[in-house]
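The values are calculated or read from the model by the stated rules, or taken from the named source; none is laboratory data. In this text, all values refer to a predicted model and were calculated from it rather than measured experimentally. Ideal geometry is used to build each Cβ from the backbone, glycine not excepted, and the neighbour counts take in all protein chains shown.
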């Protein structure tokens, strides 16, 4: 173990002391701000803004905007993570990136609020997504940095809850509390910074000592983004399994507002999205923390991830064959039950298959490609299905099959039970 001059724990030490509840709640608040800034625009503000600008080709324009921004996300997370891993600031490795990402995201959202062209929307959203993923790279790395393995299921549950909760609160914010598009973007910009401050200012961040940082070599830095599946097979299986689940989820949710409006002829599709989000979140809240506790006590992760992936697939298959409002509500509840378990346990599992302590944020940034790549792939897949087949049945059936693949892909992992 490497310690500082006064025996304090440094960034590369394996954590052994449980973090207090206050630390966990502050982390959750920061993730909540991040989540609201990501999902409220994708679910409500961007579709409505694109429809106002280009109603005739709204699906294609939305796919282009979200797809291009996802490419930025794919690059931003591992690069910001790698730079965070090398940061020797007295404020720690993670806090500068969390706060810096939040501030840049806020600026991008404010600018996005006044855009009147698809190009302007796309450029601003690309900057916002890059900043969001820089922020998230720092947030996710704090768990393996500071939380012992025996506590990671519980902490990961609390860190994961703000993701769907951010959807509920974000949709509520931009549809009820601040219903104007410009006001919604501005409110999100303020909250992403305010909710990050308690964690950045109120928690420790173990410092990387200058002598612990290897000399910078560009070739080594670039080569570090390749993690050999042969040398680290468990990391590879975990990443691909997550990719499948997140791709299924992205395909199923990208056109949800349009599905309610065009397929179900729902009178208030924005309100319908909010109701479904409430049902979905209630399901998550009812299973996530409990599953995290149970997983920590048993030491088992894979069975929880596999079974929850199957439950997610069942919900999507329901949507493929039963196009009625009540069916959509039931499917949203089932999806929430499954995703609540998944989001808690999969995050804990991922932290246990990271290759080295030196590169936690970079490696988690690479895993985060499984979250961001679907934002690029889903618009292409979903857009092609709707454009060529005009079939929401095929759309949700495809999502269900991909989710089932995610359940199978987690099974070969050997280093985690």
- request: Answer yes or no as to whether residue 150 is in a loop (DSSP other than H, G, I, E, B), in contact (Cβ under 8 Å) with a residue 24 or more places away in the chain and over 24 Å from residue 257 (Cα atoms).
  value: no
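For the range 134-148, does any single residue satisfy the condition of being buried (at least 20 other Cβ atoms within 10 Å of the Cβ), farther than 27 Å from residue 14 by Cβ and at pLDDT below 95? Even if it seems obvious, please write down each step before you answer.
First, pick out the residues of the range 134-148 that are buried (at least 20 other Cβ atoms within 10 Å of the Cβ): 134-147.
Okay, now just the ones that are also farther than 27 Å from residue 14 by Cβ, so none.
Checking the range 134-148: not a single residue is buried (at least 20 other Cβ atoms within 10 Å of the Cβ), farther than 27 Å from residue 14 by Cβ and at pLDDT below 95.
Given the criterion at pLDDT 90 or above, more than 13 Å from the chain's Cα centre (by Cα) and under 20 Å from residue 229 (Cα atoms), identify the matching residue among 364, 349, 337. Explain how you work it out, then say what you get.
Numbers: 364 fails: more than 13 Å from the chain's Cα centre (by Cα); 337 fails: under 20 Å from residue 229 (Cα atoms).
Result of the check over 364, 349, 337: 349.
If we keep just the residues of the range 78-116 that are part of a loop (DSSP other than H, G, I, E, B) and within 21 Å of residue 39 (Cα to Cα), which is farthest from the chain's Cα centre (by Cα)? Before you say what the answer is, go through the steps one by one.
First pass over the range 78-116, keeping only residues part of a loop (DSSP other than H, G, I, E, B): 86-94, 113-116.
Filter again for within 21 Å of residue 39 (Cα to Cα), leaving 113-116.
On the way: 113: 23, 114: 26, 115: 26, 116: 28 Å.
By that ranking, first place goes to 116.
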Residue under evaluation residue 297, criteria (1) surrounded by fewer than 23 Cβ atoms within 10 Å (Cβ to Cβ); (2) within 19 Å of the chain's Cα centre (by Cα), criterion not met: (2)
- prompt: Within the group 29, 82, 55, which residue is without any contact (Cβ under 8 Å) to a residue 24 or more places away in the chain and surrounded by fewer than 23 Cβ atoms within 10 Å (Cβ to Cβ)?
  reply: 55
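Out of the helices (runs of 4 or more DSSP H) lying entirely within the range 318-417, which hold 3 or more residues that are surrounded by fewer than 24 Cβ atoms within 10 Å (Cβ to Cβ)? Full working, then the answer.
On the way: elements: 325-351, 360-367, 369-389, 392-409.
The qualifying helices (runs of 4 or more DSSP H) are 325-351, 369-389, 392-409.
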message: Can you say whether residue 267 is within 22 Å of residue 402 (Cβ to Cβ), out of contact with any helix residue (DSSP H, G or I) (no Cβ under 8 Å at 6 or more places or on another chain) and without any contact (Cβ under 8 Å) to a residue 24 or more places away in the chain, as far as the supplied structure shows?
response: no
task: For residue 288, indicate whether it is under 28 Å from residue 30 (Cβ atoms), in contact with a helix residue (DSSP H, G or I) (Cβ under 6 Å, 6 or more places away or on another chain), part of a helix (DSSP H, G or I) and at pLDDT below 90.
output: no
